[in-house]
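Here is the structure we will look at.
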Amino acid sequence: MGQQTLSGTDISALREEYIRKVTEELPAKAHTNDGWPITDDHCFARVVLDTLFEDEWSHHINRSPAYKQLSEDQLRAAITIADRMLTDGRPVVEELNEQSLRWRQTN
């Protein structure tokens, strides 16, 4: 049985897609392209979630694990952010990473 929202929508596939992009696809692309400021999966998760919340994500959801706390809409938005990083590459990764770090310095 999958993970369902209160409305009964199964969001297992969305969670799996998010995890695949953050833990596999983004790190793999970072390791095959020079100059990416981050390469580790936990860094990509930080950037995606901080971008989603426009703030340090842990101020908005529990830490155990974060992606399991996301709603269907939030998962879709997080996947869109990850896709943007995959498609546009280093310039977007740099921009979003720098913004993530700024949010964390102000908190």
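Here, each number is a calculation from the coordinates, and none is a lab measurement. Note that this is a predicted model, so its numbers are computed, not measured. All Cβ positions, glycine included, derive from the backbone under ideal geometry; neighbour counts span all protein chains shown.
Quick look at the values:
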| quantity | calculated |
| --- | --- |
| Ordering of 61-67, 20-26 by burial proxy (mean other Cβ atoms within 10 Å per residue, highest first) | 20-26, 61-67 |
| Principal axes of region 7-66: Cα extent on each, largest first, Å | 43, 26, 18 |
| Whole-Å semi-axes of the ellipsoid equivalent to the chain (Cα gyration tensor, √5λ, descending) | 24, 17, 10 |
| Mean Cβ count within 10 Å, highest first, over the residues of peptides 40-51, 78-89 | 40-51, 78-89 |
